[in-house]
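Following: one structure in C-alpha cells, then a few remarks.
Every read-out reported here was derived from the displayed coordinates using simple, explicitly stated rules and does not represent laboratory data. Treat the numbers as computed from the prediction; the structure is a model and nothing was measured. Positions of Cβ are generated from backbone atoms using ideal geometry, with glycine treated the same way; all protein chains shown enter the neighbour counts.
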Amino acid sequence: MKKMPMVLIVEDEPAIAELIAVNLRHNGFQPVWAEDGVSAQRELDAVLPDVILLDWMLPGASGLSLARKWRADSRTKGVPILMLTARGDEPDKVAGLDAGADDYITKPFSTQELLARIRAVLRRRAPEQVQDKVSMGELMLDAAAHRVSWQGDLLKIGPTEFKLLNYLMKHPERVHSRAQLLDKVWGDHVFIEERTVDVHVKRLRESLGVAGALIETVRGAGYRFSAQALG
C-alpha cells in the first residue's frame, strides 16, 4: 500500500488549520497540525514530514525565522517548505524565498491551488531518474548520488537548486530565459512567478561559492552556464 505523504501544517488559527487538514485528508495526504514553532519542532523531531506548510505570522518565532532555522539544520534541510502568507507584496514573497521556502501561497487560496503547489514541490523533490554524472572543469554533479562537488569538496545544495544546476550543466553556453527554466526545471509552473527563478539562481550561486561565477546573468535575456566565466 502506497504511503500517504505527510504534511506538517504550522498554523496558529485552528479554523484555517482544520480546513486545510480536511482537504488534505480527502486528497490522499496525512496532515499533522502544529500551532507554533515549539510544537512544530516537536513534530519534526519525532517524524520528518514530506512537506511543511508554514504560516508567515505565528506566535513566538515567525515563519521566516523557522524557515531559516530548518534550512540550516542538515536533518530538515531537504524538506520542502510552502509559506502561507496574507502578504501579497513582492518584497515579502522574496523574503520568504530567501529564508529558504520553496514556494509561497497567499491567503485566501483555493483548495485546488494548495494541492497543486504541494504536488509540485513533491515532484521537484523526487530524485531524478537519470543515472549519470556531468562535470564542468572542477565542478562535478552526480545525479544518481545527488551530490555536487567543487575541487573535490562536497557542496550543500537544496533539491530545487540541484535540479536547476543539473539542467544548466547539461545545456552549457546557451542563454535560458526565466520562462524556459520554469518549463524545464519546474515543469509545473502554473502558479510560479518568474521572479522565483531569480531567487533560486541566487541561492544556487551562494551554495556554489567560487563556482557560482559559472552562472552568468545575461541582461534582459536570462541565464547562461559558461566555463569561460571562470577563465
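With +1 on each Lys and Arg Cβ and -1 on each Asp and Glu Cβ, and nothing else charged, work out how big the dipole of the chain is about its Cα centre, in Debye to the nearest 20.
Details: 31 positive and 32 negative charges, 141 e Å.
In total the dipole reaches around 680 debye.
May I ask for the angle, rounded to the nearest 10°, between helix 37-46 and the longest principal axis of the chain, with both axes built from Cα atoms and the value confined to 0 to 90°?
Helix 37-46 and the main axis of the chain meet at about 70 degrees.
Please compute the contact order of the stretch 6-125 in relative form: average sequence separation of alpha-carbon pairs under 8 Å and at least six residues apart, divided by the residue count, as a percent. Present the calculation step by step, with values, prior to reporting the outcome.
Values: 184 pairs, mean separation 27.2, N = 120.
Once normalised by length, the contact order is 23 percent.
Report relative contact order for the chain in percent, whole number only (criteria: Cα-Cα under 8 Å, sequence separation at least 6).
Details: 355 pairs, mean separation 29.3, N = 231.
In percent, rounded to a whole number, it is 13.
Sorted by average packing, counted as other Cβ atoms within 10 angstrom per residue and highest first, what order do 212-221, 196-205 take?
Working: 212-221: 13.5, 196-205: 19.3.
In decreasing order of mean packing, 212-221, 196-205 become 196-205, 212-221.
Full-extension gain between residue 22 and residue 180, please, as 0.36 nm times their residue separation minus the C-alpha to C-alpha distance. Please report the intermediate quantities before stating the final value.
Numbers: separation 158, 0.36 × 158 = 56.88 nm, distance 3.58 nm.
53.3 nm is the gain from fully extending residue 22 to residue 180.
Assuming R0 = 22 Å, can you tell me the calculated FRET efficiency for the pair residue 115 and residue 57, based on Cβ-Cβ distance, to the nearest 0.05? Don't skip to the end; give the middle numbers.
On the way: r = 23 Å, r/R0 = 1.04.
Approximately 0.45, to the nearest 0.05.
With an 8 Å cut-off on Cα pairs and a minimum separation of 6 or more residues, tell me the relative contact order of the stretch 133-230 in percent. Intermediate results must be reported in sequence, preceding the final value.
Details: 129 pairs, mean separation 26.5, N = 98.
Across the stretch 133-230, relative contact order equals 27 percent.
Just grab the label-to-label distance for residue 39 and residue 134, each label 7 Å out from Cα along the Cβ direction, in nm (one decimal).
In this crude label model, residue 39 to residue 134 measures out at 4.4 nm.
Among the lysines, which have Cα under 27 Å from the Cα of residue 170 when same-chain residues fewer than 8 positions away are ignored?
Straight-distance partners of residue 170: 77, 133, 156, 184, 202.
Measure of size requested: the Rg and Dmax of the stretch 133-230, with Cα atoms as the atom set and Å as the unit; please supply both.
Gyration radius and largest Cα-Cα distance of the stretch 133-230: 12.6, 38 Å.
Ratio of the chain's C-alpha Rg to 2.2 N^0.38 Å, to two decimals? Don't jump to the answer; show the numbers that get you there.
On the way: Rg = 18.0 Å, N = 231, 2.2 N^0.38 = 17.4 Å.
Rg over 2.2 N^0.38 Å, computed on Cα atoms: 1.03.
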